[in-house]
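Enquirer: Have a look at this one.
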Amino acid sequence: MSRVWREIADPKKHIDYMSTQNEGGVPVDASRDNLIEKWVYFADVCNFTFQFASTYQVQECKEYFLKSVHTSTREEGHDLEHYWHPWYSKLPKGINKGVKREKVVKALDNILSKWGNP
């Protein structure tokens, strides 16, 4: 059973893994205005917790998981191979195949239906 939720963005607590290729991600941006809440979205699926800094990232992840065949993650020109992988190459093994992939897409759809498409 998957679980989805959101929290108010806190740079001390939340990390944005998708907008950078740095190994540890970067802190999320807090809201510039106290009256406008910035959210971080979560999906706990198949013993893995996805964390998104925006609904755009949720949509990007959903598009990735809708594809059953993915291109190579190898990129030319990076000597430090452990620090330059995109977010999707750091996913747990097997999560983008079969029933697990369908569960992830369903959880991402749940986030988008609850809190809006980008």
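Enquirer: Taking the number of other C-beta atoms within 10 Å as the exposure measure, put THR20, THR55 in order starting with the fewest. Show your work: numbers first, answer last.
Expert: Numbers: THR20 13, THR55 18.
Listing THR20, THR55 from fewest to most nearby Cβ atoms yields THR20, THR55.
Enquirer: If each DSSP helix of 4+ residues adds -39,500 (n - 2.57) and the sum is divided by the residues in the chain, what number results at 222 nm, nearest 500 deg cm²/dmol?
Expert: Numbers: 2 runs with 30 residues, N = 118.
Dividing the helical sum by the residues of the chain leaves -8500 deg cm²/dmol.
Enquirer: Starting from 0.36 nm per residue, how many nanometres of slack lie between LYS12 and ASN110 once their C-alpha separation is accounted for? Spell out each step's value before the answer.
Expert: Details: separation 98, 0.36 × 98 = 35.28 nm, distance 2.66 nm.
Answer, rounded to one decimal: 32.6 nm.
Enquirer: A follow-up question, please. What is the spread of the Cα atoms of the chain along each of their three principal axes, largest first, in whole Å?
Expert: 44, 34, 24
Only the coordinates and a few stated rules stand behind these numbers; no lab work does. These figures come from a predicted structure and were not determined experimentally. Glycine also receives a Cβ, built like all others from the backbone with ideal geometry; neighbour counts cover every protein chain displayed.
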